[in-house]
1. Residues SER89, SER102, SER62: which one is among the hydroxyl-bearing types (Ser, Thr, Tyr), closer than 30 Å to ILE193 by Cα and either touching a Leu at 6+ places or on another chain (Cβ under 9 Å) or surrounded by 12 or more Cβ atoms within 10 Å (Cβ to Cβ) (or both)?
2. How many residues, within segment 127-154, are open to solvent by 60 Å² or more (accessible area, probe 1.4 Å), farther than 21 Å from MET231 by Cβ and not hydrophobic (A, V, I, L, M, F, W, C)?
3. Here's a check for you: in segment 225-264, which residue that is surrounded by fewer than 19 Cβ atoms within 10 Å (Cβ to Cβ) and of a type in the set (Asp, Glu) is farthest from VAL301 (Cα to Cα)?
4. What are the residues in segment 42-59 that are of a type in the set (Val, Ile, Thr) and open to solvent by less than 40 Å² (accessible area, probe 1.4 Å), if any?
5. For segment 56-93, which residues satisfy the criterion of being part of a loop (DSSP other than H, G, I, E, B) and within 31 Å of the chain's Cα centre (by Cα)?
6. From VAL3, VAL20, grab the single residue that is over 23 Å from GLU263 (Cα atoms), touching a Lys or Arg at 6+ places or on another chain (Cβ under 6 Å) and surrounded by fewer than 17 Cβ atoms within 10 Å (Cβ to Cβ).
7. Would you mind finding the one in LEU124, LEU39, LEU69 that is among the hydrophobic types (A, V, I, L, M, F, W, C), closer than 30 Å to PHE226 by Cβ and open to solvent by less than 90 Å² (accessible area, probe 1.4 Å)?
8. Being in contact with a helix residue (DSSP H, G or I) (Cβ under 9 Å, 6 or more places away or on another chain), of a type in the set (Phe, Trp, Tyr) and closer than 26 Å to GLY153 by Cα narrows it down to one residue among PHE293, PHE244, PHE226; which is it?
Amino acid sequence: MAVPSYATRLERVWHYTYLVLCGLIFFFLIAPIVVIIPLSFNTEPYFTFTEKMLSFDPEGYSMRWYDSLLTFGMSAPDGPRDASWWADSWANAKWVKAAKNSIIIGVFSTLLATSLGTLAALGLSRPEMPFRRAIMAILISPMIVPLIITATGMFFFYSNPCELLGLIGLPTDCGRLAGTYLGVILAHATLGIPFVIITVTATLVGFDQSLNRAAASLGANPRTTFFRVTMPLILPGVISGALFAFVTSFDEVVAVLFIAGPEQQTIPRQMWNGIREQISPAILAVATLLVLFSIALLTTVELLRRRSERIRGLTPQ
């Protein structure tokens with residue numbers, strides 16, 4: 001933005017100082033993320049830039065760490081890459097297993113969080129809802145309470161829920177959820193619900209309730225009104241909340257450390273294990289892929305936000 005011609009010298013100095021400060025803050029925030037991208041192409045097993053990389057020598061760059069994501073844990077990683085090799089990678093490669101677990105857990109926890117969060121937001125948006133503020137505070141508390149406390153509580157509850165609920169006389173492992181896919185899905189859904197509630201509630205702020213009354217006056221039942229009138233208008237907010245819930249599940253590691261078993265290793269858990277047991281630049285390759293994935297999701301959220309504003313008439317077409 002150009003400085004107005006009538007600006008004083010002090011205002012011009014402040015303008016350019018402000019731009020420099022913004023640039024420094026942006027660099028401070030983005031540099032740790034950007035630096036891992038070239039390091040993930042390092043030929044050597046180091047987390048530093050080699051001389052060949054600094055001189056842009058092609059021999060200093062390779063895709064070996066991306067390839068290791070498909071081979072680490074395989075029974076025959078050096079065999080010919082035919083159908084049996086890919087089947088071995090799909091079944092035994094640790095990073096592939098972690099990716100499958102992350103996607104499975106993320107999809108199901110997102111569906112659960114989106115359904116429950118949307119219903120909660122619809123109820124909290126009604127003016128006759130009693131104790132709305134208190135209920136809202138309780139529902140979004142997983143965002144506020146330190147995650148280590150939430151994960152600890154989930155661990156003790158999921159380990160033996162029947163005993164904690166006072167159901168005496170049942171087996172000690174009754175209803176045990178710790179170490180199961182269902183337990184991890186429920187934990188991630190609990191962490192994702194607040195994001196859905198916040199985004200859908202923000203969408204409902206500009207919703208015209210007279211549309212529902214008009215649909216009811218024309219003979220539409222509540223279900224038809226919701227799917228034909230309400231849902232199309234709040235859909236951008238619902239999808240945005242679902243994306244945030246999925247990202248929360250995909251990146252979460254603390255609850256997984258407490259609740260997941262050996263068969264529920266997700267990508268963040270596998271990265272944690274890699275840092276502790278075998279430090280490898282393959283972690284940088286995974287981080288680069290996650291950065292690109294997050295950029296794609298944030299771009300989608302921004303496009304949905306703009307579409308929602310156009311639908312509600314907040315911005316010109």
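1. SER102
2. Number satisfying all stated conditions: 5.
3. GLU263
4. THR43, THR50
5. Those that are part of a loop (DSSP other than H, G, I, E, B) and within 31 Å of the chain's Cα centre (by Cα): SER62, MET63, PHE72, GLY73, MET74, ALA93.
6. On the way: VAL20 fails: touching a Lys or Arg at 6+ places or on another chain (Cβ under 6 Å).
From the options VAL3, VAL20, the qualifying one is VAL3.
7. On the way: LEU39 fails: closer than 30 Å to PHE226 by Cβ; LEU69 fails: closer than 30 Å to PHE226 by Cβ.
Among LEU124, LEU39, LEU69, only LEU124 is among the hydrophobic types (A, V, I, L, M, F, W, C), closer than 30 Å to PHE226 by Cβ and open to solvent by less than 90 Å² (accessible area, probe 1.4 Å).
8. On the way: PHE293 fails: closer than 26 Å to GLY153 by Cα; PHE226 fails: closer than 26 Å to GLY153 by Cα.
So the residue among PHE293, PHE244, PHE226 that is in contact with a helix residue (DSSP H, G or I) (Cβ under 9 Å, 6 or more places away or on another chain), of a type in the set (Phe, Trp, Tyr) and closer than 26 Å to GLY153 by Cα is PHE244.
The values are calculated or read from the model by the stated rules, or taken from the named source; none is laboratory data. The structure displayed is predicted, hence computed values, not measured ones. All Cβ positions, glycine included, derive from the backbone under ideal geometry; neighbour counts span all protein chains shown. Accessible surface is based on the protein model in full, side chains and every heavy atom, while ligands, DNA and RNA are left aside. Shrake-Rupley method; radii C 1.70, N 1.55, O 1.52, S 1.80 Å.
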